[in-house]
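All remarks here apply to the structure that follows.
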Amino acid sequence: MAELLGAGVLERLEPADRARAQRLALDVLRGLERADRVLDKHVRKNPPLHVRNILRLATVELCSGGDAHGVVNDAVALTAGHKKGQHMKGMVNAVLRKIAADGPVEWAKLRVPRLPKWLRDPLVMAWGGEAVMAMEAAQFAGAPVDITVKDDAAGWAERLGGVVLPTGSVRLAQAGQVSALPGFSDGAWWVQDAAAALPARLLDARPGEAVLDMCAAPGGKTLQMAAAGADVTALDISDSRLERVRENLARTGLKARVVARDALEHQGRYDAILLDAPCSATGTIRRHPDLPHAKDGAEFGGLFELQSAMLDHALTLLKPGGRLVFCTCSLLPDEGECQIEDALGRHPGLVVDRAALDRPGVDPAWITDEGGLRLRPDFWPDLGGMDGFYMAVLRTA
């Protein structure tokens, strides 16, 4: 879905309509299991995919309190407007009128949608069934918008109707179209999940330090370190993804050296490195509910090997006594805890800096046996959760 939005599929819509369309698509993906269970009681023969998707959209709207007359009429019009769906508009009308009558009651009785087995099974093995059910509840609830501000978090929270989280990010419960909010065009802040903001906080870049953001796009961590006054190199293999970094730097008035290159081929010497390694992105399911449906886990083995290679190479770029934050937006221990345990075995003299985790808002219960930080979507349940992340601070002799 991120690729579609990046390609501008909603650009022709007004900001309010764009936000509504995006919200509805995300709600359907989160509630897909429930939508299909409600539909299956009223549909005898599975219709073509485009018609079923129209039914899914309408079912989620109807079961979430949408105006029955408007939702049904819009769904029938969408069906009639498709050359292969015109003959099914009567069926769509009949099914949705039944769902408008009894769907909301049926919806409320259904369980929280479960993750697909390819993802659920390894998560249950790692964290247990109860924790995974809590993660599924967090995903179904969706994600508020978090922002990182240059300064005066409390002031911006008050101005935008948000709250300051324990770790310093600002959370907006009802953001709407983000680009229309005060401070966005002025570059006073940028969107960044609270969990994603922690790696740069742990690295603690200082004014004048040579810092490498090793997989920089879309650039939130680059902005954090540039705002701290560091001499930042933003590195990414994709020049097209780096365009987003350039845009964010321009909007915020911050400076960084932007380099498009394979990280494994990059050379240089740095005081500090932040390696947000390519990963399964399973920790972002709250914000990207399409991910469990778009992947099947087949690529995991290659990702594990790439993460190890990138970590090994990053260590060669550190100055003596330098520090490195390794992180992944993953819920899989193979992409976090196991990577650090293996790296410590490969590199004599490499140590985990547990003291670096002593930061505002960091719960000691999140600290793992090997000295990293494990974050999960079910953490902060009363505040709206967070992305799943793993991060560890490493130091060289």
Scalar couplings 3J(HN,Hα) for the range 374-382 by Karplus 6.51 cos²θ - 1.76 cosθ + 1.60 (θ = phi - 60°), nearest whole Hz, x for Gly and Pro, are 10, 10, 9, x, 7, 6, 6, x, 7
With Asp36 itself left out, Lys, Arg at +1 and Asp, Glu at -1 over residues whose Cβ is under 11 Å from its Cβ give +3
At q = 0.16, 0.18, 0.19, 0.25 1/Å the base-10 log of I(q)/I(0) from the Debye formula over the alpha-carbon atoms of the range 216-310 is -0.79, -0.95, -1.02, -1.30
Taking Cα atoms only, Rg over Rh for the range 20-127 with Rh from the Kirkwood formula is 1.02
Inter-part gap, Cα centre of the range 47-122 to Cα centre of the range 334-397, in whole angstrom, is 42
Candidate cut points under trypsin sites (Lys or Arg not before Pro) in the range 253-315, DSSP loop plus at most 14 other Cβ atoms within 10 Å of their own Cβ, are Lys255, Arg261, Arg269
Computed Rg/Rh for the chain (Cα atoms; Rh = Kirkwood radius) stands at 1.00
Total charge of the residues flanking Gly321 in space, meaning their Cβ is under 10 Å from its Cβ, with Lys and Arg +1 and Asp and Glu -1, is +2
Lys pairs in the chain with Cα under 21 Å (8 or more apart in sequence, or on separate chains) total 14
Quick tally, 1.4 Å probe accessible area for Cys327, Cys279, sorted with the most first, runs Cys279, Cys327
The ³J(HN,Hα) series, computed from each phi in the range 146-156 with the Karplus coefficients 6.51, -1.76 and 1.60 at θ = phi - 60°, rounded to the nearest Hz and given as x for glycine or proline, is 9, 10, 10, 9, 4, 7, 6, 4, 4, x, 6
Of Ile237, Ile285, Ile367, ordered by accessible area with the largest first and a 1.4 Å probe, the sequence is Ile237, Ile367, Ile285
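Under a Cβ-only charge scheme (Lys and Arg +1, Asp and Glu -1), can you give me the dipole magnitude of the range 166-311 about the Cα centre, in debye to the nearest 20?
Magnitude of the dipole: close to 440 debye.
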Residue-ordered couplings for the range 71-78, obtained by feeding phi - 60° into the Karplus form 6.51 cos²θ - 1.76 cosθ + 1.60 and rounding to whole Hz (Gly and Pro as x), are 5, 5, 4, 5, 5, 5, 5, 4
Descending accessible area (1.4 Å probe), largest on the left, turns Phe300, Phe326 into Phe300, Phe326
Here the relative contact order (percent) of the chain, from C-alpha pairs under 8 Å and at least 6 apart, is 14
Trypsin sites (Lys or Arg not before Pro) in the range 49-91 lying in a DSSP loop, each with at most 10 other Cβ atoms within 10 Å of its Cβ, come to Lys83, Lys84
Counting all Cα-Cα pairs in the range 55-115, those more than 19 Å apart amount in percent to 31
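The values are calculated or read from the model by the stated rules, or taken from the named source; none is laboratory data. Owing to the predicted nature of the structure, the values given are computational and were not obtained by experimental measurement. Positions of Cβ are backbone-derived with ideal geometry, glycine not excepted, and every protein chain shown enters the neighbour counts. Accessible surface is based on the protein model in full, side chains and every heavy atom, while ligands, DNA and RNA are left aside. Shrake-Rupley method; radii C 1.70, N 1.55, O 1.52, S 1.80 Å.
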